[in-house]
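One structure is given here, and the rest of the page talks about it.
Only the coordinates and a few stated rules stand behind these numbers; no lab work does. This one's a predicted model, so the numbers in the text were calculated from it and none came from an experiment. No Cβ is skipped: glycine too gets one built from the backbone with ideal geometry, and neighbour counts run over all protein chains shown.
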Amino acid sequence: MENGKVKVVERKDNVVMDKSYAFALRIIKLYKYLIAEKKEYVLSKQILKSGTSIGALVKEAEHAQSKADFLNKMNIALKEANETEYWLMLLKDSKYIDGKSFDSIHPDCSELIKLLASIVKSTKKSLGK
């Protein structure tokens, strides 16, 4: 672990999978911190669920039954990433995490949102939607 970031070996073939997996590990670390240090059990569970489901959906999409199924899974992953961004903002604004912690993890969430939005957009275009 370097500077609070979990080091994950990236594969060139699936950048979004690698980034969502590394992000999920950071979310788990945040969850553990919120439980142990802040005694916060509700928001922490919400962000744990949404933040780890992004990668799970991306992983499911690797073996989608069709392009439409792939699009559906990626679209849900995008929604989960958006939800995770909401929980991060709420945790910061309610002072459960400080600005430094937020500024450390939020760019990763934003990057996932951009990547997933791009994948959804290009997949829709290839499907003629």
How about region 72-102: which of its residues are assigned to a helix (DSSP H, G or I) and among the hydrophobic types (A, V, I, L, M, F, W, C)? M74, I76, A77, L78, A81, W87, L88, M89, L90, L91, F102
For region 103-111, check the following and say yes or no: at least one residue is in a loop (DSSP other than H, G, I, E, B) and either more than 14 Å from the chain's Cα centre (by Cα) or in contact (Cβ under 8 Å) with a residue 40 or more places away in the chain (or both). no
Among the residues of region 86-105, which ones are of a type outside the set (F, W, Y), under 18 Å from L25 (Cβ atoms) and surrounded by 17 or more Cβ atoms within 10 Å (Cβ to Cβ)? L88, L91, I97, I105
I'd like to verify a number: residues in region 17-71 that are under 19 Å from P107 (Cα atoms) and part of a loop (DSSP other than H, G, I, E, B), how many? 0
